[in-house]
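Engineer: Structure below; questions to follow.
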Amino acid sequence: MSTVPPTFTLEQYEHMVSCGAFDGAHRRRVELLHGEILEITPVGFAHANTVCRLVDWSYASVDLTQVAIRSQTPIRILVNQSEPEPDVVWVRNQPYTHHPNPSEVLLLIEVADTSLAFDRGEKLSAYAQAGIADYWIVNLKDSQVEVYRDPRGADYRSKSIYRPSKPGPNPLAAPAVTLSPNWLF
């Protein structure tokens, strides 16, 4: 007999977080994806350093009166009962009384080393289902930026790869801005 992991609604998960269910001596880093509570893998140096560089690039690249930069903080995806914590997110700059939802996300970036299969699989599926229009994976293993656009169902119809030998991608929210793979890797 196989066991099915328990599933939770966003409201149940947020209640658990607010009650400190994942705090204390055995604090766990978790996120909700497709109703399932998953442990987040520990962040190594290369991952952390890349996130910091992407945050710096983001702040230097946008009009901060229009765009707010968030790093490793939740977004709320009601359509598939998910509350992931992406590495870098550009959202509309406005007063928030809630975690941003997909309609407020302008660019979402995950940095992937040990999490590459997960970021290309379950996370990509969740983001596509939510209609996130501009999803990037900074793939540390292969030194490339993978850009996913045009979400349809649980997948993206467009995928582009940017390596250090090519010009980098331009965010849909800031087409004049380029992330140079030469600078990143």
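The numbers here are math on the coordinates, done by the rules we state, and not lab data. The model shown is predicted, which means the values in this text are computed figures rather than measured ones. As a convention, Cβ positions derive from the backbone with ideal geometry for all residues, glycine included, and neighbour counts pool all protein chains shown.
Engineer: Name the residue that is surrounded by the most Cβ atoms within 10 Å (Cβ to Cβ), counting only residues in region 113-159 that are within 21 Å of Val55 (Cβ to Cβ) and either touching a residue at least 60 places away in the same chain (Cβ under 8 Å) or touching a Cys at 6+ places or on another chain (Cβ under 6 Å) (or both).
Structural biologist: Looking at the filtered set, the residue picked out is Val138.
Engineer: Pick from region 44-59 the residues that are over 15 Å from the mean Cα position of the chain (by Cα) and farther than 13 Å from Thr114 by Cβ: which of them is surrounded by the most Cβ atoms within 10 Å (Cβ to Cβ)?
Structural biologist: The qualifying residue surrounded by the most Cβ atoms within 10 Å (Cβ to Cβ) is Trp57.
Engineer: So Trp90 ticks every box in (1) free of Cβ contacts under 8 Å to residues at least 24 places away in the same chain; (2) buried (at least 21 other Cβ atoms within 10 Å of the Cβ); (3) out of contact with any Asp or Glu (no Cβ under 8 Å at 6 or more places or on another chain) but one. Which box is left unticked?
Structural biologist: (1)
Engineer: I'm trying to understand the selection: among the residues of region 160-185, which are part of a loop (DSSP other than H, G, I, E, B), surrounded by 14 or more Cβ atoms within 10 Å (Cβ to Cβ) and among the hydroxyl-bearing types (Ser, Thr, Tyr)?
Structural biologist: Passing the criteria: Thr178, Ser180.
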